[in-house]
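A quick write-up on the structure given underneath.
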C-alpha cells in the first residue's frame with residue numbers, strides 16, 4: 001500500500017492539537033498540511049489536493065459538518081475522518097450518515113487516529129466509490145438501507161434493535177477491516193466501560209441470529225479471536 | 001402578601017356589615033316558599049368566601065416557599081458540584097505542571113520516561129473524568145433501548161467481567177440468583193445501561209474493601225419488583241457520608257486519593273431512576289460491619305413510545 005507519502009489535511013482551530021498531531025503523523029510517514037477553520041480547509045483542499053482530511057466538527061467560521069456537506073454535495077469522495085465533539089449522542093450516527101468515512105470522539109488516543117487514517121486510506125485505494133456516502137449498501141443477499149434505517153435479508157426485513165442496526169452499519173461501511181471491541185464501543189455506543197466489550201458481543205450475537213450467521217463458519221461477521229470482529233463478505237455501495 | 005391577606009378578609013367584613021345593617025327580618029322567597037334571613041346570609045357567605053381566599057393565599061405562599069427552598073437546594077448542590085469539579089481538575093493539572101517543569105529542568109536526562117509516565121497517568125485520570133461527565137449528561141437525554149432483560153444472566157455476566165478485571169482477581173466474590181421454584185422474572189429495561197450500573201456497584205464494593213473481605217451479589221423477587229443487593233464485609237461508610245454517596249464527584253472521607261472518576265454511584269442512581277427504580281444504601285461500622293447497596297427495579301415499566309424489542 002502506497003500509504004506513506006500520502007497527504008493529509010488536518011483541520012482544527014486548536015493550535016496545540018494541530019501542532020502535535022501533525023508532528024505525530026509526519027513521523028508516521030505522512031505529509032501534513034494544516035488549516036484552522038472550515039473556509040481555510042476548503043481552500044486548502046482545492047490548492048493542495050490532499051488524500052485524506054481529518055476534520056474537527058466545532059470550529060469558527062464554517063464548522064466541520066458544513067465542510068463535509070459542501071464536499072459531498074460537489075460529488076467529492078475525498079476521504080474524511082471527523083473529530084466529533086463529546087456529549088452529543090446523535091452526532092456519531094449523523095457523522096456516518098453525512099458521509100464521513102470514519103469518526104473519533106475527542107479526547108482520542110493519537111495512535112487510534114493513526115489506525116483510522118491507515119484503514120481509511122487503504123479502503124479508499126481499494127474502491128473507487130466511497131461506501132460512506134452510499135445510502136444503500138449491499139452484501140448479497142443482505143441489503144442495508146441507511147436512509148430508511150432498515151436491513152433486509154433476501155428481501156425479508158430483519159427485526160433489529162437500533163443499536164444492532166448501527167453496529168451492522170459500522171461493520172458494513174468498514175468491510176474487511178479488523179475492528180476491535182473497544183473501537184466498536186467508541187464508534188457505536190460512544191461510551192467506553194469495562195464491561196462494555198460484552199455488550200458488543202451480545203449485539204454481535206443478536207446480529208448473527210438475525211442474519212442466520214454461524215460464529216464458526218460465518219458468511220458475514222467473522223470473530224478475530226482475542227481482537228475483535230471483521231465484516232468479511234464483499235460489500236457494494238449504491239449512491 | 002399582607003395586602004392579599006387583608007383583601008381576603010374583605011368579603012367577611014362586608015358580610016358582617018350586611019348582617020348588622022340589613023333589617024333583621026325574614027323575607028319569604030316566593031318560589032321556594034322558604035324564608036331567608038338576608039343579613040345572616042351575607043355574613044355566612046362573606047365568611048366562607050374570606051376563608052376560601054385565605055386558604056388559597058396560604059397555599060400559594062407555601063408552594064412559593066417550596067419552590068424557593070427547592071431552588072436553594074439546587075443552587076447548593078450546583079455549588080458543591082462545581083467546587084468538587086474544580087478540585088478534581090486541579091489535582092491532575094498540578095501533577096502535569098509539576099511533571100512538565102521537571103521535564104524542562106531535566107533536559108534529555110534519564111528522568112524523562114518516569115515523568116512522561118506521570119503525565120500519561122494524570123491525562124488518563126482527566127480522560128476518565130470527562131468520559132464520566134459525558135455519560136451523566138447523556139443519561140439525561142438519550143432514549144433508553146428497552147428490551148426484556150434476564151437479570152440473572154446479566155448479573156452472571158457482570159460478575160464474570162469484574163472477575164476478569166484486575167480489581168477482581170483473587171477476590172471472594174459471590175453471586176446468588178434464585179432458580180427454584182421459579183427463576184427471576186425478566187424485567188423491561190436497557191440491558192447495556194443496567195450492566196453498567198451493576199458493574200459500577202460491584203467494582204465499587206471491591207474497591208472499598210480489602211483482599212480478605214467478601215462481596216456478595218444477590219437477587220430476589222419482591223412482589224412486582226426485582227431487588228438486587230450488592231453486599232460487602234468492608235469497613236462500612238461513615239454515617240455522615242451516607243446521604244451523599246450518590247452525589248456527583250462526592251468522595252467519602254475513606255475514599256480520598258482512590259482512583260476512579262467519583263461519578264460511578266451518581267451514574268448508578270441515574271440509570272436506576274430512568275428505569276423507575278430506586279437505589280439505597282445501608283452500612284454499619286461496627287458489630288458485623290459492612291455495606292449493602294440495594295437496587296429495586298420494577299418488573300415492567302411504562303415505555304415512552306418506543307418499540308419494544310427482545311434482547312437475550
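Observations on the structure shown:
- In the frame of its principal axes, chain A has Cα extents of 48, 38, 35 Å, reported largest first.
- Ranked by the mean number of other Cβ atoms within 10 Å per residue, highest first, peptides A:215-227, A:48-60 order as A:48-60, A:215-227.
- Between the helical axis of B:264-274 and the longest alpha-carbon principal axis of chain B there is an angle of about 40 degrees.
- Three semi-axes of the equivalent ellipsoid, segment B:69-154, Cα gyration tensor, whole Å, largest first: 38, 23, 9
- Ratio of the Cα radius of gyration of the protein assembly as shown to 2.2 N^0.38 Å, where N counts its residues: 1.31
- Between 0 and 90°, nearest 10: helix B:112-141 axis offset from chain B longest Cα axis: 30
- Backbone N under 20 Å from the residue A:49 label point (7 Å along Cα→Cβ), restricted to segment A:106-145: A:121-130
- From helices alone, the protein assembly as shown scores -15500 deg cm²/dmol at 222 nm; the rule is -39500 (n - 2.57) for each run of n ≥ 4 DSSP H residues, then divide by the residue total.
- For segment B:265-291 and segment B:46-97, distance of Cα centres in Å: 24
- Largest first, the three principal axis extents of the alpha carbons in chain B are 109, 64, 48 Å in whole numbers.
- Compactness relative to 2.2 N^0.38 Å, alpha carbon Rg of segment A:148-206: 1.15
- Multiplying each eigenvalue of the alpha-carbon gyration tensor of segment A:1-79 by 5 and taking the square root yields semi-axes of 20, 16, 9 Å, largest first, rounded to whole angstroms.
- Dividing the convex hull volume of the alpha-carbon atoms in segment B:225-294 by its residue count gives 91 Å³ per residue.
- If R0 equals 60 Å, the separation of the Cβ atoms of residue B:84 and residue B:13 corresponds to a calculated FRET efficiency of about 0.60.
- Percent of Cα pairs exceeding the 25 Å cut-off, where the set is segment B:29-175: 71
- The angle separating the long axis of helix A:196-211 from the principal Cα axis of greatest extent in chain A is about 60 degrees.
- With viscosity 0.692 mPa s and temperature 37 °C, the Kirkwood radius over alpha carbon pairs of segment B:135-255 converts through Stokes-Einstein to a diffusion coefficient of 207 µm²/s.
- A Förster radius of 51 Å, combined with the Cβ-Cβ distance separating residue B:59 from residue A:106, puts the computed FRET efficiency at roughly 0.55.
- If a spin label sat at a point 7 angstrom from the Cα of residue B:124 along the line to its beta carbon, the backbone N atoms of segment B:60-95 nearer than 17 Å would be those of B:92-93, B:95.
Read-outs: derived from the displayed coordinates by stated rules, not from any lab. Bear in mind that the values here come from a model prediction, so they are computed numbers and not experimental data. Backbone-built Cβ (ideal geometry, glycine too); neighbour counts: all protein chains shown.
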